[in-house]
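Student: Have a look at this one.
The values are calculated or read from the model by the stated rules, or taken from the named source; none is laboratory data. Keep in mind that this is a model prediction, so the values were computed, not measured. For neighbour counting, all protein chains shown are included, and Cβ atoms are generated from backbone atoms with ideal geometry for every residue, glycine included. SASA here: full protein model, heavy atoms, side chains in, ligands and nucleic acids out. Shrake-Rupley method; radii C 1.70, N 1.55, O 1.52, S 1.80 Å.
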Amino acid sequence: MTSRILRPVRSGNAAQPRSAAPRGARLPLVAAAVVAAGLCAACGPSSESAGSATPTTLAQSATALDSASLAASASTEASPSASASPSASATAQASASPTPARSKSASTAPKPARTSAAPAAPARVPGPGYDSSADGQKQIEAALAAAKADGRMVLLDFGANWCGNCKAADKVFAQPQTAAILGASYHLVKIDIGGNSSANSALLRKYSPSGGTYTMPVLVVVNSSGKVRTDTHTTGNPSLTAEGINAFLRKWAA
């Protein structure tokens, strides 16, 4: 029997353009379809005998496989943009959104001005006369402690209530300008040495040790450590007027 070689003839659909997908991506699909068609022909019920498939049938199968490959390629190319994750899109939108500008009023609000420390209150200036019952040592200790705290000097006024010069000095101390100098720069301590207080007499000799006859009032300026800066028993009293006492107080205030 003479055998004939049957070549598959493509139908009119053969003129359709082939898939633009790479050949390597179509071959597995074509092979799988051909195998599936062969299995159906071998196992399925058919009125024709095995191996009687016509060339037209084979051509139609190949065309259908080409169309399926083209659809699969188009789906694969479109999938990356369609499968973009929502989180990536949200991140892109967040990064593209402008950063909120700071409030101008908050950034340019003027800073509160620094307030300088309030000046220290004036020290108390005792009234005229001398308290013979006061403890002179405790008075001096309190004045020295206050001087260490505020940096003022301590003015010791040794006198007596019957002393005319002491009364004249008290009148000047009471004048507003002199009282202002005293309150700003000194802690004034008035110590009675006109009575029989041996303790107060000992204090006079401690701060004015030159001895001899004392001319009252004896004015002694000491610093916060108790060191004597000037002693009028040695230098002589200033004029007991506003000009004389004010000049004396200003000279030894610092």
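Student: Listed here are the pairs Lys167/Lys206; Lys190/Lys227; Lys227/Lys251; which of them are more than 21 Å apart at the Cα?
Tutor: Pairs exceeding the cut-off: Lys167/Lys206.
Student: Now for a separate question. Using a 1.4 angstrom probe on the protein heavy atoms only, line up Thr213, Thr234, Thr241 by accessible area, largest first.
Tutor: Thr213, Thr234, Thr241
Student: What is the packing order of peptides 152-158, 189-195, taking the mean over residues of other C-beta atoms within 10 Å and listing the highest first?
Tutor: Descending mean neighbour count gives 152-158, 189-195.
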